[in-house]
Amino acid sequence: MTRRIVEVLSVETSEAGRLNGKDVVSPGRAPAPQEPPSRTTPRPAADAPSSDLGLEDWFAPHGLAEFTDTVLGHRPLCTGPRPELAARLADAFGLHSAGDVLALRDAEMYAWFPTLDGGTASAPIAGRTAPLFHAGGTTIYVRNIARFAAHERAMAAAFDIPRTGVHCQLYCNRPGAVTTMHFDPSSVITVQLSGRKTWRLAPNRFALSPLDGWAPGKPVHPGLRAYTHDVPPAEMPADAVTYDLEPGAVLHVPRGYWHETVSDQDSLSVHFIIHTPARLQAMLAILRNELMQDERWRRSARRFDAPDSIDLLADDYAALRDLVSRLDPRDVVRGPAPTTPFEDETSFVRCGQATLGVDGIDESTARVTVTAYGFGDTEATTLNVGTDFLPACRWIGGLPIGAAFTPPDLPGLSTPEARSLLPLLERAHLIRRPDEPSR
């Protein structure tokens, strides 16, 4: 009698493996990726407003698709004031005044103030004290707003970036509030909700496509020096452009642009911080996913610069070159699994960016989970298989990425049994056919 796969128990998609720009995806049984230390993923409030932001008309005359493709992260954009947009967003946010913002109890509050050296700084304050600070003339900056989680998800989906790539902040500026010249590693989309704020923007020729933020007067750390070679500027470039934002005006500040702000009156604005991973971070995430599966790369590393480390390091370089040679973009940009049948001579390869683990075994069945990591989501497919299929599952899971095999190679399985197992592993992205096109 033919033994069989009992069932696919579940296919779950989560954000656990997303590239968030500061951390990399973790495979297999390794620790789960962490959020950036300054941010925790909020639970939406029970009375959270809807996520209907109406993004389509924010960037007029550009449509949303045109803005995403040609403007976002590339060049500044400022629209004229539109009081109707400010009113619409105030309704969507459920916030119509600075008083409403200061009454939030599902967010982190910070006092924003000038420093004696001419810069600006912030410090956390208790929510109940925020109205007192604000009444005393202090600007209040608000982040990690639980009720805005739906808005962050909606914007991330609209721009086709990971959910963790959008963070929302609110600024309740008092007259005279300033933000001194600096640049950030993220783009910003801000909408003026009330009052007026003046921004000055300029291209950043000092640090192109920066991975970190920086401000004049701060040390230029070694990481930043890897791609900055000139004298750090002390003032805004001569070609800086001034933008006066009034209610309903939308401003896009591209990643890395110099900017500074000043408010000559009370001002309320919402800022969406758009962080998309750099290609460097995406590539490191892909490499880390593969390297972590080999015990060699999980061993402790001490001083690589010791004289007796040359041979070890040379071996590591050789192993790394071998791994890179076997990476395939189809393991990241995945297409749908083929529906055409296969023959005994059909070749399969072990996919990268995927792991297999055994969750439990009883007398006749075993639970096996295939986890496939991607740029946006992690997909976990749990199968309930007969225990006689377990050696074949483990054999495939233990293959190096790019290793080829045919159905008769599966240990302990007949041809019909291989035909029942392989399509499930193919749909779970643990294996694929070498000629499978990417989407």
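Just need the relative contact order of the chain here, percent rounded to a whole number, with Cα pairs under 8 Å and 6+ apart. Before the final figure, lay out each step's value.
On the way: 874 pairs, mean separation 96.6, N = 439.
About 22 percent, as a whole number.
Which trypsin sites (Lys or Arg not before Pro) from the stretch 74-173 combine a DSSP loop assignment with at most 14 other Cβ atoms within 10 Å?
Values: sites: 88, 105, 128, 143, 147, 153, 163; in loops: 105.
Loop-located and lightly packed - 105.
Quick one: angle between helix 415-427 and the longest Cα principal axis of the chain, in degrees between 0 and 90, rounded to 10, please.
The angle comes out at about 10 degrees.
So what's the angle, to the nearest 10 degrees on a 0 to 90 scale, between helix 149-159 and the longest Cα principal axis of the chain?
Orientation of helix 149-159: about 70 degrees from the principal axis.
Counting other C-beta atoms within 10 Å, and keeping those with at most 16, which DSSP coil chymotrypsin sites (Phe, Trp or Tyr not before Pro) do you find in the stretch 128-232? Show your work: numbers first, answer last.
On the way: sites: 133, 141, 148, 159, 171, 183, 199, 206, 214, 227; in loops: 206, 227.
Sites meeting the loop and neighbour criteria: 227.
What does the helix-only formula give at 222 nm for the chain: each DSSP H stretch with n ≥ 4 adding -39500 (n - 2.57), the total divided by the residues, and the result rounded to the nearest 500 deg cm²/dmol? Spell out each step's value before the answer.
Working: 11 runs with 99 residues, N = 439.
So the calculated ellipticity at 222 nm is -6500 deg cm²/dmol.
From the square roots a ≥ b ≥ c of the eigenvalues of the alpha-carbon gyration tensor of the stretch 295-409, which class results: rounded (a/c under 1.5), prolate (a/b over b/c), or oblate?
Note, shape of the stretch 295-409 comes out prolate.
Using only the alpha-carbon atoms, how far is helix 310-326 inclined from the longest principal axis of the chain? Give it as 0 to 90 degrees, nearest 10.
Here the helix axis deviates by roughly 80 degrees.
Say the dipole of the stretch 122-235 comes from +1 at the beta carbon of Lys and Arg and -1 at that of Asp and Glu; which of 202, 144, 227 then lies farthest toward its positive end?
So the residue we want is 144.
In debye to the nearest 20, how big a dipole does the chain give about its Cα centre with +1 on each Lys and Arg Cβ and -1 on each Asp and Glu Cβ? List each step's numbers first, then the result.
Values: 43 positive and 54 negative charges, 133 e Å.
That gives the chain a dipole magnitude of about 640 debye.
Can you give me the C-alpha center-to-center distance between the stretch 118-188 and the stretch 213-241, rounded to a whole angstrom?
Rounded to whole Å, the Cα centres lie 23 Å apart.
State the answer as a single residue: which of 90, 413, 352 lies farthest towards the positive end of the charge dipole of the chain, with beta carbon charges of +1 for Lys and Arg and -1 for Asp and Glu, about the Cα centre.
In the chain, that residue is 90.
So for the pair residue 8, residue 298, with labels modelled 7 Å out along Cα→Cβ, what separation do we get in nm?
2.9
Shape call for the stretch 363-439 from the C-alpha gyration tensor, a ≥ b ≥ c root eigenvalues: rounded (a/c under 1.5), prolate (a/b greater than b/c) or oblate? Kindly include the intermediate steps, with their values, before the conclusion.
Values: a/c = 1.99, a/b = 1.28, b/c = 1.56.
It comes out oblate by the Cα gyration axes.
Rg and Dmax of the chain over Cα atoms: what are they, in angstrom?
Radius of gyration, then largest Cα-Cα span, for the chain: 26.3, 83 Å.
Rounded, prolate or oblate for the stretch 116-215? Axes are the square roots of the Cα gyration tensor eigenvalues, ordered a ≥ b ≥ c, and the cut-off for rounded is a/c under 1.5.
On the way: a/c = 1.88, a/b = 1.13, b/c = 1.66.
Note, shape of the stretch 116-215 comes out oblate.
Could I have the simple spin-label model distance between residue 319 and residue 246, label points 7 Å from Cα toward Cβ, reported in nm to one decimal?
It is 6.5 nm.
Which distance in Å, rounded to a whole number, links the C-alpha centroids of the stretch 369-401 and the stretch 244-287?
Taking the Cα centre of each part, the stretch 369-401 and the stretch 244-287 sit 40 Å apart.
Give the order of 172, 393, 78 when sorted by the count of other beta carbons within 10 angstrom, beginning with the fewest. List each step's numbers first, then the result.
Working: 172 29, 393 24, 78 16.
The most exposed by this proxy come first: 78, 393, 172.
Please name whichever of 74, 118, 271 sits farthest to the positive end of the charge dipole of the stretch 55-276, dipole taken about the Cα centre and charges placed at Cβ: Lys and Arg +1, Asp and Glu -1.
Going by the charge dipole, the pick is 118.
Could you derive backbone 3J(HN,Hα) for the stretch 94-109 from the dihedral phi with the Karplus parameters 6.51, -1.76 and 1.60 (θ = phi - 60°), listing whole Hz in sequence and x where the residue is Gly or Pro?
x, 9, 10, 7, 4, x, 5, 5, 5, 8, 4, 10, 10, 8, 9, 10
With r defined as the distance between the Cβ atoms of residue 337 and residue 235 and R0 fixed at 60 Å, what FRET efficiency is calculated, to the nearest 0.05? Walk me through the numbers before you get to the answer.
Values: r = 57 Å, r/R0 = 0.95.
My answer for the efficiency is 0.55.
Would you mind getting me the FRET efficiency between residue 100 and residue 153? Use the beta-carbon distance for r and R0 = 22 Å, nearest 0.05.
Working: r = 22 Å, r/R0 = 1.00.
With R0 = 22 Å, the Cβ-Cβ based efficiency is 0.50.
Each reported figure results from applying straightforward, stated rules to the coordinates on display, with no laboratory input. Keep in mind that this is a model prediction, so the values were computed, not measured. All Cβ positions, even for glycine, are placed from backbone atoms using ideal geometry, and neighbour counts span all protein chains on display.
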